[in-house]
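Quick notes on the structure that follows.
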Amino acid sequence: MSSYPIEKNKSLKPYNTFGINVSCSYFITINSKESFLDFLRDNKLREQPLLILGGGSNILFTHNFDGVVVKNEIKGIEKLKEDNNHVYLKAGGGEVWHEFVLYCIQNNLGGIENLSLIPGCVGAAPMQNIGAYGVEVKDVIEEVETIEISTGSIKIFSNAECKFGYRESIFKNEEKNKHFITSVIFKLDKKHQFNISYGIIEEELKKEPNVPLSIKKISDAVIRIRESKLPNPKEIGNAGSFFKNPEVDKMVVDELLKVYPHMPTYPVSENKIKIAAGWLIENTGWKGYTEGNFGVHKKQALVLVNYGNADGNAILELSDHIIKSVFDKYKILLTREVNIH
Ligand code: FAD
Ligand code: NAP
C-alpha cells in the first residue's frame, strides 16, 4: 500500500484557477517528504511525465495531462530560531500562501504584508519570486528545501543559489522540473520596515488617518485594493498577470516616450526601464476584449479570463495575438508569466 492516495483519470478543473477542464492520468496527494520519496520508488508511476501542482494559480492547461500530477499538501509552520531582529520560520510547501501571511501578521512578524492575498502555496512562491506592491518574496527567503527528483536527495538552496530575479528563479530556468519544493525558510522582521512607496498603497492608507501604521494596516489596505481591482478566480477563471512587465533598454524607451509621452515607466537599473505590460495591452485596444467565453479582463488588461468552459488553447492563441499586436505597435516583445501545460 502506498503512503498517498492515487486517483485515476481525474479532472483538474478544481485544481487550476483558470478553471480549465482537463484531466490527468494519475493524481496523487503528497503530505510528507516520506510520501514523496515513496512515490519516487514507484517505478510504474515514475515512468510517467510528472507535474507538481500547488494552488494551480499560475498555470494554463491546454490539453489533458498524460501523466502524474503531484499535489503538494505538505503543511506545517515551525519556528527555527530567533535573534534580536529576526524570527526564522520554516513553512511547508503545501501551506496556503495567504494563510501564511496572516500567521506572520498575527505573530507581529513583518516582511510579507505587501504580498497579502496572492493565491497559491508557499512551495510555489520561490518559483517565480512572487512580488507585489514593491516587495518580492526573495527579500525574506533564507533557504529553499527541495527533494531532487532524479536522485531523491534533499537539497538546500541558499537565497543566493536560488538566483532570484524579476518573476524568476533557478527553479524556472537551469533547475526547471528537477525539484519538488518541500519547504521554505523565511527570515521575518521583529522591527518592522514598512514599504509604502507604491503610490496606490499610500493613497489607500490615507483613508484611515487615525489608525497607526502597522503591518496589519498595510495588509488590510493591500487586500482592499486587490479585491477592488482583480477578478476573484472563484468567480471568473484567471491566473493573475498573464504577461511579465518587459524590462527595456533606456534608449529604446526614450524613443518611445517621444511618441507616447504618457507611457508609464519605472527605472530598474541605469540602463533598463520597466514598462507596464498592462498599459501596452490596453493601448493596443485589448482591454475588455471578449471572444465567446474568454477574453481580456475589463478592469486589468494584463489578466486573461475564462468566463466559463473556455478551452486553454483558445486562451493561449489569444495571448499570441496580443503579443503580436503589441510588438507590431511598440516593437516590444511580451513574454508570458503563466506556465503553459
Ligand atoms: P501553481 O500554479 O500550482 O504552480 C506554478 C508553477 O510552479 C508550476 O510550474 C508548478 O509545476 C510549479 N510548482 C508549484 N509548486 C511546486 C513545488 N512545491 N515544487 C516544485 N514546483 C512547484 N503572482 C505574483 O507574483 N504576484 C501577484 O501579485 C500575483 N497575484 C495573483 C492574483 C491572482 C488573482 C492570481 C490568480 C494569480 C496571481 N499571481 C501572482 C500568480 C500566482 O498566484 C503565483 O505565481 C503563485 O505563487 C502560484 O502558486 P501556486 O501554488 O498556485 O502555483
Ligand atoms: P498597478 O498598481 O496598476 O501598476 C501597473 C504596473 O506598473 C505594475 O505591474 C507595476 O509593476 C508597475 N508599477 C506601478 N507602480 C509602481 C512603482 N511605484 N514602482 C514600480 N513599479 C510600479 O498594478 P496592478 O495590476 O494593480 O497590480 C498591483 C501589484 O500586484 C503589482 O505589483 C503586480 O505585480 C501585483 N500583481 C501581480 C499579479 C501576477 O499574477 N503576477 C497579479 C495581480 C497583481 P510590478 O508588477 O513590477 O509591481
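Quick look at the numbers
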{"quantity": "Selection count, region 124-137, where residues are over 9 Å from the mean Cα position of the chain (by Cα), open to solvent by 10 Å² or more (accessible area, probe 1.4 Å) and within 17 Å of ILE170 (Cβ to Cβ)", "calculated": "1"}
{"quantity": "Residue, least open to solvent (accessible area, probe 1.4 Å), within region 298-321, restricted to residues that are under 22 Å from PRO264 (Cα atoms) and part of a loop (DSSP other than H, G, I, E, B)", "calculated": "ALA301"}
{"quantity": "Single condition GLU174 does not satisfy, out of (1) within 16 Å of ligand 1 (Cβ to nearest atom); (2) surrounded by fewer than 20 Cβ atoms within 10 Å (Cβ to Cβ); (3) not in a loop (DSSP other than H, G, I, E, B)", "calculated": "(3)"}
{"quantity": "Matching residues in region 281-297 - criterion: being at pLDDT 95 or above and assigned to a loop (DSSP other than H, G, I, E, B)", "calculated": "ASN283, THR284, GLY285, TRP286, LYS287, GLY288, TYR289, ASN293, HIS297"}
{"quantity": "Hits in region 306-330 (condition: away from ligand 2 (no atom under 16 Å from the Cβ) and either β-branched (Val, Ile, Thr) or free of Cβ contacts under 8 Å to residues at least 24 places away in the same chain (or both))", "calculated": "ALA314, GLU317, ASP320, HIS321, ILE323, LYS324, PHE327, ASP328"}
{"quantity": "In region 138-156, residue nearest to ligand 2 (Cβ to nearest atom) [restricted to those that are over 17 Å from the mean Cα position of the chain (by Cα) and part of a loop (DSSP other than H, G, I, E, B)]", "calculated": "ILE149"}
{"quantity": "Selection count, region 228-252, where residues are part of a helix (DSSP H, G or I) and within 14 Å of ligand 2 (Cβ to nearest atom)", "calculated": "2"}
{"quantity": "Residues within region 253-280 that are assigned to a helix (DSSP H, G or I) and either within 11 Å of ligand 2 (Cβ to nearest atom) or aromatic (Phe, Trp, Tyr) (or both), tallied", "calculated": "4"}
{"quantity": "SER183 being outside any helix (DSSP H, G or I) and modelled with pLDDT under 95", "calculated": "no"}
{"quantity": "Qualifying positions in region 51-62 - more than 16 Å from ligand 2 (Cβ to nearest atom) and either open to solvent by 50 Å² or more (accessible area, probe 1.4 Å) or in contact with a Cys (Cβ under 6 Å, 6 or more places away or on another chain) (or both)", "calculated": "ILE52"}
{"quantity": "Qualifying strands (runs of 3 or more DSSP E) (wholly inside region 1-104; at least 3 residues being of a type in the set (S, T, N, Q))", "calculated": "23-30"}
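The values are calculated or read from the model by the stated rules, or taken from the named source; none is laboratory data. Fair warning: this is a prediction, and the values are worked out from it, not measured in the lab. Positions of Cβ are generated from backbone atoms using ideal geometry, with glycine treated the same way; all protein chains shown enter the neighbour counts. Ligands, DNA and RNA are excluded from the accessible area calculation, which covers all protein heavy atoms including side chains. Shrake-Rupley method; radii C 1.70, N 1.55, O 1.52, S 1.80 Å.
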